[in-house]
Amino acid sequence: MAFGSTPDWFHISEDETIVWESRPHPITMGATLPIGAGIAVAGLLIAVWGLRDGVGILPLLGGVVLLVGVAVTFARYLVWTNTRYVITSTELYKKRGIVSRDVTQFRLERVQNTSLSQSGLGRLLGYGDLTVYTAGSGEPELTFERVPQPAVASSRLSDQLEAVSTDESVL
């Protein structure tokens, strides 16, 4: 499967390929997105109403409320767009962050178990959590939260884990 250009936050070797790449499901933006948009619309309405009635402070107040709503909406959108999940033929990556970056990376050979969980709402809307456990740890080492089409991600990961275990058994 062909994906876009390689992200600037990780480098893959020549024999490594990206087999799955995604960001969290849009539901991850939660109520913050519509609330921010609602605040922006309210600010716009206040500003327009104030201009129409010729009241001096209302357009200024409306403009401030509009800017706050846009800022809240844009900030939440940036957090969502700057969270990425990648499965390559040899590694797993999870990247978060706008100004600073937090990249978690695991080689597939270290993966002991995986689990896929979906709530009722997650099944209805098509998202779930894919959790990875590594050898020697009983705690989850990496979770891809609210992954869209989690069965696809889980299947691609399982295929890669099988390929890695087959390659190791040949050695």
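The values are calculated or read from the model by the stated rules, or taken from the named source; none is laboratory data. Just so it is clear, the structure is predicted and the values come from calculations on it, not from any experiment. Cβ atoms come from the backbone with ideal geometry, glycine included; neighbour counts cover every protein chain shown. All accessible areas refer to the heavy atoms of the entire protein, side chains included, with ligands and DNA or RNA removed. Shrake-Rupley method; radii C 1.70, N 1.55, O 1.52, S 1.80 Å.
Mind counting the residues in region 72-111 that are open to solvent by 20 Å² or more (accessible area, probe 1.4 Å), part of a helix (DSSP H, G or I) and not basic (Lys, Arg)? The total comes to 10. Here Gly126 meets each of (1) open to solvent by less than 20 Å² (accessible area, probe 1.4 Å); (2) more than 13 Å from the chain's Cα centre (by Cα) with one exception, condition (1). All conditions in (1) crowded, with 18+ Cβ neighbours inside 10 Å; (2) modelled with pLDDT of 90 or more hold for Ala37, with the sole exception of (1). Taking the conditions (1) touching a residue at least 60 places away in the same chain (Cβ under 8 Å); (2) in a strand (DSSP E or B); (3) among the β-branched types (Val, Ile, Thr); (4) in contact with a helix residue (DSSP H, G or I) (Cβ under 9 Å, 6 or more places away or on another chain) in turn, Thr114 satisfies each one other than (1). Identify, please: which residue in region 50-70 is open to solvent by less than 60 Å² (accessible area, probe 1.4 Å) and in contact (Cβ under 8 Å) with a residue 24 or more places away in the chain and is, among those, farthest from Pro24 (Cα to Cα)? Taking the candidates together, the pick is Val65.
For the condition closer than 13 Å to Thr88 by Cα, modelled with pLDDT of 85 or more, surrounded by 14 or more Cβ atoms within 10 Å (Cβ to Cβ) and under 23 Å from the mean Cα position of the chain (by Cα), what is the one hit in Ile18, Ile12, Ile27?
Numbers: Ile12 fails: modelled with pLDDT of 85 or more; Ile27 fails: closer than 13 Å to Thr88 by Cα.
Just one listed residue meets the conditions, Ile18.
Condition first: touching a residue at least 24 places away in the same chain (Cβ under 8 Å), within 23 Å of Ser165 (Cβ to Cβ) and in contact with an Asp or Glu (Cβ under 6 Å, 6 or more places away or on another chain). Can you find one or more residues in region 20-41 that meet it? No, the conditions are met nowhere in region 20-41.
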